[in-house]
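Let me begin by presenting the structure, written as structure tokens, before commenting on it.
Quick note: the coordinates plus some simple rules give every number you see, no bench work behind them. These figures come from a predicted structure and were not determined experimentally. A quick note on method: Cβ atoms are made from the backbone with ideal geometry, for glycine too, and the neighbour counts reach across all protein chains shown.
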Amino acid sequence: MKVPVQVLVHQKTRTLELIYQNNARAVFPFEFLRVFSPSAEVQGHSPDEAVLQVGKAEVGLKGVEPVGQYALRLLYDDGHDSGVYSWDYFEKLDHERDVLWQKYLEELEKVGASRDPHDPRNAPFVTKNRPPHGGCGHA
């Protein structure tokens, strides 16, 4: 497990940067991290329950909280705050980012949704995917 020695939030470029002991860096767009949040609200409790995230192109990061020595909890400006990103999960995202992103774009196209938060085509997905009282909507 790679543990970063520094975590930087770049609001202008909307990226989160992890810097490691050997000066290696991993830079993640906020949108990418939001779309692939490890929370049950996004991933579901099984792959069949995963919820496609739409309209996240402009999502911002309000805060970053350490979770013990093993993870970060990211607080987004769209209200999502239940994802705990372990160092292992960041490493997985870094290694698989191109494949994950391509699949995500293909899925958006397939269902007729978009990354644009102002796109009216996203309305059915946003309404359908939002739990009624916060949280992941699962017992």
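When the chain is fully extended, how far beyond the present Cα-Cα distance does R97 get from A50, taking 0.36 nm per residue of separation? Could the numbers behind the result be given before it?
On the way: separation 47, 0.36 × 47 = 16.92 nm, distance 1.76 nm.
Answer, rounded to one decimal: 15.2 nm.
For segment 68-107 and segment 1-41, compute the distance between their C-alpha centroids and round to whole Å.
8 Å
Using just the helices of the chain, give the 222 nm mean residue ellipticity in deg cm²/dmol: DSSP H runs with n ≥ 4 each add -39,500 (n - 2.57), and the total is spread over all residues, rounded to 500.
Details: 4 runs with 42 residues, N = 139.
Value at 222 nm, helices only, nearest 500: -9000 deg cm²/dmol.
Using label points projected 7 Å from each Cα along Cα→Cβ, tell me how many nm separate D119 and H10, to one decimal.
Computed distance between label sites D119 and H10 equals 2.5 nm.
So if we plug the beta-carbon distance of V84 and L105 into 1/(1 + (r/R0)^6) with R0 = 30 Å, what FRET efficiency do we get, rounded to 0.05?
Working: r = 26 Å, r/R0 = 0.85.
E(calc), rounded to 0.05, equals 0.70.
May I have the extent of the alpha carbons of the chain along their three principal axes, as whole Å values ordered from largest to smallest?
45, 31, 27
Note the angle between two axes, namely the Cα long axis of helix 87-111 and the longest principal axis of the Cα atoms of the chain, as a number of degrees from 0 to 90, rounded to the nearest 10.
Once rounded, the angle reads 20 degrees.
What relative contact order, as a whole-number percentage, does segment 9-105 give when Cα pairs under 8 Å and 6 or more residues apart are counted? Working shown, then result.
Values: 123 pairs, mean separation 18.3, N = 97.
Relative contact order here is 19 percent.
Do any of K2/K103; K12/K110; K62/K110 go past 28 Å between their Cα atoms, and which?
Details: K2/K103 26 Å; K12/K110 31 Å; K62/K110 31 Å.
Flagged as over cut-off: K12/K110; K62/K110.
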